[in-house]
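The values are calculated or read from the model by the stated rules, or taken from the named source; none is laboratory data. What you are looking at is a predicted structure, and each value in this text was computed from that prediction instead of being measured. Reconstructed Cβ throughout: ideal geometry from the backbone, glycine too, with neighbour counts over all protein chains shown.
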Amino acid sequence: MATTTQPATETRRLINYRTDAGIAVIELNDPPANTYTYEMNLQLDEAILRARMDNDVHVIVLTGAGEKFFCAGANIKMLSTVDPTFKYYFCLHANETLLRLEHTPKLVIAALNGHTVGGGLEIAMAADIRIARQDAGKIGLPEVNLGVLPGTGGTQRLSRMVGKSRAIELIVTGNTFTFEEAKELGIVNDIYERENFMANVMEYARQFCPPNKASKAVGRIKRAIQTGWEIPLEAALALERENQQLLFQSDDAKEGLNAYVEKRPATFTAK
């Protein structure tokens, strides 16, 4: 007798990915809160690699599905039902993913369309620039209220942004605060009006794409700062020279220098 085989269940898409005129948009997609799980993290890692390896992508924009949450952090139900060993490796993999995002030689903009708390803020802090939607929610690291700490880079990245003492205060109180307060602290770069928020973020991102900007230079500037921040000054200066030498060999550097001499606007090609 013939047997039938059940079709394989399609993996649920927890990350939406699209490109738009040189910009890769990576959207966390598990509404309403866009909490992340191990499965979402795997898909996020895949999307970051996809954007990094696509020569037609010059800027990455990271956002959340819907209008209420960018991301509320890790899925607490998942964490409460797994053993400590899994929790450890979950944090390890999430850290590796965010380091990959941080080290990608392309500008990463986090568009904070809603509440950005816990692991959601940890994801956002791995971006290079954070733009928040006005009056869209709260931001903060409240993990202490669960008896744990921000375990995917929160203690380290926040302290580098606001200083040790302020970071300790923000994390041990577990308070959340407004995007306006986050801007004053230097966590958020800018706040855009609610209406047409994503369209305005995309317009902002396009200025870093060719022909407007030498996107290779933008990426190397990012790498020099992100990596140089963590190493001694002498080594950081060597890293800076190495990135500069790579750029001197590019067509965009030749175009930029010639355009300056010829007193005309440069037209960059990302080559």
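Selection of first residues in region 142-164 that are at positive phi and of second residues that are modelled with pLDDT of 95 or more and in a loop (DSSP other than H, G, I, E, B), restricted to Cβ pairs under 8 Å at least 6 apart or on distinct chains, gives the following pairs, ordered by first then second residue: Gly153/Ala126. Being modelled with pLDDT under 95, closer than 26 Å to Ala127 by Cβ and charged (D, E, K, R) is a property that holds for Arg223.
Per the conditions (1) part of a helix (DSSP H, G or I); (2) closer than 30 Å to Pro210 by Cα; (3) touching a helix residue (DSSP H, G or I) at 6+ places or on another chain (Cβ under 9 Å), the sole criterion not satisfied by Ala110 is (1).
Taking the options Asn34, Asn55, Asn41, name whichever one is part of a loop (DSSP other than H, G, I, E, B) and touching a Phe, Trp or Tyr at 6+ places or on another chain (Cβ under 8 Å). Lay out the reasoning, then the answer.
On the way: Asn55 fails: touching a Phe, Trp or Tyr at 6+ places or on another chain (Cβ under 8 Å); Asn41 fails: part of a loop (DSSP other than H, G, I, E, B).
None of the others qualify; the one that does is Asn34.
Restricting region 152-193 to residues that are part of a helix (DSSP H, G or I) and of a type in the set (Gly, Ala, Ser), the residue that is nearest to the chain's Cα centre (by Cα) is Gly154.
Count, please, the residues in region 198-214 that happen to be assigned to a helix (DSSP H, G or I) and under 17 Å from the mean Cα position of the chain (by Cα).
Going through region 198-214, the residues assigned to a helix (DSSP H, G or I) turn out to be 198-206.
From what's left, under 17 Å from the mean Cα position of the chain (by Cα): 198, 201-202, 204-206.
Of the residues in that region, 6 qualify.
The single residue among Ala51, Ala74, Ala24, Ala47 that is aliphatic (A, V, I, L, M), buried (at least 18 other Cβ atoms within 10 Å of the Cβ) and modelled with pLDDT under 95 turns out to be Ala74. When Thr267 is tested against (1) in a helix (DSSP H, G or I); (2) within 20 Å of Leu107 (Cα to Cα), just one condition goes unmet, and that condition is (1).
Pick out the one residue from Ile187, Ile231, Ile221 that is outside the structural domain of Gly118 (by TED's automatic domain parsing) and under 30 Å from Leu149 (Cβ atoms). Give the steps one after another, and end with the answer.
Values: Ile187 fails: outside the structural domain of Gly118 (by TED's automatic domain parsing); Ile221 fails: under 30 Å from Leu149 (Cβ atoms).
Criteria check complete, one pass: Ile231.
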